[in-house]
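The values are calculated or read from the model by the stated rules, or taken from the named source; none is laboratory data. Predicted model only: the values in this text are computed from it and were never measured. Heads up, the Cβs are rebuilt from the backbone with ideal geometry, glycines too, and the neighbour counts pull from every protein chain shown.
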Amino acid sequence: MWVYVGRRLLLAIPTLLGASIIVFAMVHLAPGDPIAAVMPAESSKAEIEATKRAYGFDKPLAVQYLVWLGRVATGDLGRSIATRRPVILDVRDALANSLVLALSSSLLAFVLGVGLGLLAAFRQGRVLDKVASGMAVVGVSVPHYWAGIILIIVFSVQLNWLPAMGAANDPGIVPYLRHIALPTIALALIPLGVITRVVRSAALDILNQEFVLALRAKGLAARRVFTHVVKNSAPQILTVLGLQFGFQLGGSVLVESVFSWPGTGYLLNLAIFQRDIPVLQGVILVLATFFVLLNLAVDLLQTLVDPRIVRH
Amino acid sequence: MRRMIIVLLAVALSVSLPGLASAQGTLRIGMTASDIPYTGGQTDNGFEGFRFVGYQIYESLIAWDLTRGDRLAPLVPGLAESWEVRKDAPTKWVFKLRKGVTFHDGSPFNADAVIFSFESIKKKDSPHFDTYGSGQVGFRIASVIGVSKVDDHTVEFETNKPTSFVPYQLCYMLIVSPTQWQKFKDWRKFAEQPSGTGPFRVTKFVPRERLELEANKTYWDVKRRPKIDKLVLLPMPEPTTRLAALRSGQVDWIEVPPPDAIPQLKSAGFTITLNSYPHNWTHTLRLDKEPWNNKLVRKAANYAIDRVGICKNLLNDTCIPATGVVYPGHPWFGKPKETYSYNPAKAKELLRQAGFDASKHPAKAVHLISTSGSGQMLPLAMNELIQKNLKDVGIDVDLQPVEWNTLLTRWRAGFKTPENEGLNAWNISWNFLEPWSGFGRFFHSKSVVPVAVNTMPYINPDADKLIDEAERTFDINKQNEVLARLHEIIVDDAPWIFVVHDQNPRALSPKVKGFVQPQSWFVDLTSVTVR
């Protein structure tokens, strides 16, 4: 088991190196450069070249990459070109905001999705099933950034109930919830659809098995039958929940940008347009590390839950 | 289950109740910048940075008078009470500094602060040299090469040649507190707790999210002490985000609302403020290659554009037609021979005179345009209309859209690079705040790329002579006359397709009163009240 964990962690190193090289190369392949992006539009080429030299951006790409890598090895992600703050601080703040959003939207999607899925399964073919299944299809198919814009138009602009953008500035839980409400709903739509459908089909599978017929024939109350069905479909549901949470963490660039939610997705978007290479590299590196660790954790959890799966 | 729904609904309702009304006199502004402009003195994000951060926290020796909208904003004494060029040595400028001014940290403003600020931009080996800030404004004060202290309240600047443009340069040098910098000895830390002499002081800095400032109650100019208590600046690069934030009451003021939304904003009670200011939106033409090497073709293009249609139908009257580098009524406009109106028949005739013919010798050009960008307005829609206008008279323009930063990078390199060889023009908007930005950098033969940004290249000895003469003319009225003569020549040569001047639209909540939109890129926020 520990050998397995160690090997997986070692394998993460080339993965992260690869990710950072790809990001570095892509940023430099795109026209424009970080210094040109922060310099005034009126400045001439000569002025920009002078500033580039001052920042060390005139050195060959390979040298720039190795310098960056050397610093990262000592735990220094460098400084943002745009804000000159240490990248690690920007990434830390953004990651915290993204985690909260991923948690809140996952929670919303799990609760509603499991509820709707079970409801649909137990009312198969009836109106409630059709409504729940319909909602699931909408959730999966509607682009969430578009849904985000619609939410802003309805709840912020027309009804004036909730703020349209940003994170809360005033202290306290109420302002916080007001700000996170709309991005949470937008980000919950896709997992809501997926979970509803998976839960419905998992529950239907179990419902059609003979032991359920036996339980009913035995005269068991409907509520007790329900408990049995839920318990038996749990492993399948748990797997999809885990997967969806992972997606939530990585999949919020669009939603965060629509709501200006100051998370990693928003930061990534900013960094791309500002050509802020240190920030871009830092965010990608931290996110990639996060995914590697998350995957490992999920694998290990599966082993714990299901002893038939053995990891060597 | 039902109980749960009720509980959930109750929570949802309590969350959705509007928060307590914000404090009296807080002005919240949604900027177009994607980030908070640099607060450590020599600011970034172009003139929006100067508008909301630079000139609010800091001041320069020479300031813009932004209190009126009925004339071009002039330069007036700021932290300097007066200045003059020495008769015996025209490269030496003596500045008398204002007495009794203190920085936000309480330390006094004096000659040492001026020298410190200058060195942070221009003296590479000084411990307080600010690489980043220097990159932002160093080139704006290009002619000034040194400063020395005469006494505590007098300094003398030295220029590399006799030039009357010095006031137009020093208005960008913001004066920072040396005492505050000494506390950190680091510009990034200074930027988080900056100290200037301006009407607002920073109270809270959340990187990439918001900057909060409060009124400087001890500001030296009693008439300009802010009427609001608090100013909050929020970066909102997306126009739709700004619009939603304004309409939902999260901000009181947004820069550049989407033109489509203006009628709807007006009917909802919002104020749209507009005014001319030194901005032009043009196609800069390549003059050493067909078809734009022929003056007749360039004039034809200028007569082909339906500027009124662009402003009225596309941009909801947020711009005015441009028939030159500057707008009519500007001191440099003069009396150009040509007034470029929408006249397709004349355009066709000029094109025929130039020897172009749709079947035998068609006029073809490739123009590089941006998909968005600071000051670019609605580049795609506007350029499609221009393309159609030109097509109607027989000029075939192929538009190549690229991202804004890419356009700027390629433009700086000039037309003569392998990448740009196939191009005939670029579409970039400019400012003409001072003679160098308006004319010198584009139209002087000494400004050819890479020295400056005469990319066309425009070579005209008469223009060179007038630019040089303007620089040697220290009387501002006479200088304006010289520049007007220069402008007449440029309009006649038509090295650009003049299209429109933006009117700098802003949308203000009905709660915001007392704002005067000046003819400038900058604003005075001290007269504003909220509610």
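Worth a mention:
- Selected residue (criterion: surrounded by the fewest Cβ atoms within 10 Å (Cβ to Cβ)) from residues of region A:133-166 that are of a type in the set (Ser, Thr, Tyr) and more than 7 Å from chain B (Cβ to nearest Cβ): A:141
- The set of residues in region B:483-531 that are of a type in the set (Val, Ile, Thr), surrounded by fewer than 22 Cβ atoms within 10 Å (Cβ to Cβ) and over 26 Å from residue B:252 (Cα atoms) contains only B:489.
- Considering region B:365-399, and only residues there that are at pLDDT 95 or above, part of a strand (DSSP E or B) and not acidic (Asp, Glu), the residue that is nearest to residue B:261 (Cα to Cα) turns out to be B:369.
- A search for C-beta distances below 6 Å between a residue of region A:177-206 that is basic (Lys, Arg) and any residue that is in a helix (DSSP H, G or I), counting only pairs 6+ apart in sequence or on different chains, returns A:178/B:15; A:197/A:136; A:200/A:117; A:200/A:120; A:200/A:121.
- Within region A:259-287, tally of residues that are farther than 24 Å from residue B:46 by Cβ and facing chain B (nearest Cβ under 10 Å): 1
- Of all the criteria given as (1) away from chain A (no Cβ under 14 Å); (2) assigned to a helix (DSSP H, G or I), the one not satisfied by residue B:442 is (1).
Results for (1) surrounded by fewer than 16 Cβ atoms within 10 Å (Cβ to Cβ); (2) over 15 Å from residue A:118 (Cβ atoms), shown as yes or no for each residue.
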residue	(1), (2)
A:170	yes, yes
A:191	no, yes
A:195	no, no
A:207	no, no
A:211	yes, yes
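- Considering region B:173-219, the residues that are within 14 Å of chain A (Cβ to nearest Cβ), part of a loop (DSSP other than H, G, I, E, B) and more than 19 Å from residue B:55 (Cα to Cα) include one that is modelled with the highest pLDDT, namely B:186.
- Subset tally (residues that are polar (S, T, N, Q) and closer than 19 Å to residue B:160 by Cβ) for region B:69-94: 1
- Residue within region A:209-225 that is touching a residue at least 40 places away in the same chain (Cβ under 8 Å) and in a helix (DSSP H, G or I) present: no
- Taking region A:77-96 as the range and being more than 10 Å from every other protein chain (Cβ to nearest Cβ) and either surrounded by fewer than 21 Cβ atoms within 10 Å (Cβ to Cβ) or part of a helix (DSSP H, G or I) (or both) as the test, the residues that pass are A:78, A:87, A:88, A:91, A:92, A:95, A:96.
- Residue within region B:405-420 that is modelled with pLDDT under 90 and among the hydroxyl-bearing types (Ser, Thr, Tyr) present: yes
- Where strands (runs of 3 or more DSSP E) fall entirely within region B:75-159, those with at least 2 residues that are over 29 Å from residue B:217 (Cα atoms) and in contact with a Gly (Cβ under 9 Å, 6 or more places away or on another chain) are at B:154-159.
- Residue in region B:4-34 that is nearest to residue B:245 (Cα to Cα), counting only those that are at pLDDT 85 or above and in a loop (DSSP other than H, G, I, E, B): B:32
- Some residue of region A:4-17 being among the charged types (D, E, K, R) and within 30 Å of residue B:440 (Cα to Cα): no
- Residue count for region B:234-271 satisfying the condition of being facing another protein chain (nearest Cβ under 10 Å) and on the phi > 0 side of the Ramachandran plot: 1.
- Filtered residue count, region B:378-407, keeping only those that are touching a helix residue (DSSP H, G or I) at 6+ places or on another chain (Cβ under 8 Å) and within 14 Å of chain A (Cβ to nearest Cβ): 3
- The criterion of being among the small types (Gly, Ala, Ser), touching a residue at least 12 places away in the same chain (Cβ under 8 Å) and crowded, with 16+ Cβ neighbours inside 10 Å does not hold for residue B:445.
- Taken as a whole, region A:28-51 holds no residue that is more than 14 Å from every other protein chain (Cβ to nearest Cβ) and either aliphatic (A, V, I, L, M) or more than 27 Å from the chain's Cα centre (by Cα) (or both).
- A residue that is farther than 16 Å from residue A:247 by Cβ and either under 17 Å from the mean Cα position of the chain (by Cα) or more than 12 Å from chain B (Cβ to nearest Cβ) (or both) can be found somewhere in region A:182-197.
- Residues of region A:171-181 that are in contact with a Gly (Cβ under 9 Å, 6 or more places away or on another chain) and within 7 Å of chain B (Cβ to nearest Cβ): A:174, A:175, A:178.
- Answer residue from region B:273-302, given it is part of a helix (DSSP H, G or I) and not small (Gly, Ala, Ser) and is surrounded by the fewest Cβ atoms within 10 Å (Cβ to Cβ) among those: B:295
- Within region A:302-309, not a single residue is closer than 17 Å to residue A:12 by Cβ and either modelled with pLDDT of 80 or more or in a helix (DSSP H, G or I) (or both).
- Filtering region B:139-159 for residues that are within 14 Å of chain A (Cβ to nearest Cβ), without any contact (Cβ under 8 Å) to a residue 24 or more places away in the chain and under 19 Å from residue A:44 (Cα atoms) leaves a non-empty set.
- Flag for residue A:291 being more than 14 Å from every other protein chain (Cβ to nearest Cβ), within 17 Å of the chain's Cα centre (by Cα) and either modelled with pLDDT of 85 or more or more than 18 Å from residue A:89 (Cα to Cα) (or both): yes
- Once region B:334-361 is narrowed to residues that are hydrophobic (A, V, I, L, M, F, W, C) and not in a loop (DSSP other than H, G, I, E, B), the residue that is farthest from residue B:485 (Cα to Cα) is B:345.
- Residues within region B:408-429 that are within 9 Å of chain A (Cβ to nearest Cβ) and either over 26 Å from residue B:364 (Cβ atoms) or aliphatic (A, V, I, L, M) (or both), tallied: 3
- Some residue of region B:212-220 being buried (at least 19 other Cβ atoms within 10 Å of the Cβ) and in contact with a helix residue (DSSP H, G or I) (Cβ under 8 Å, 6 or more places away or on another chain): yes
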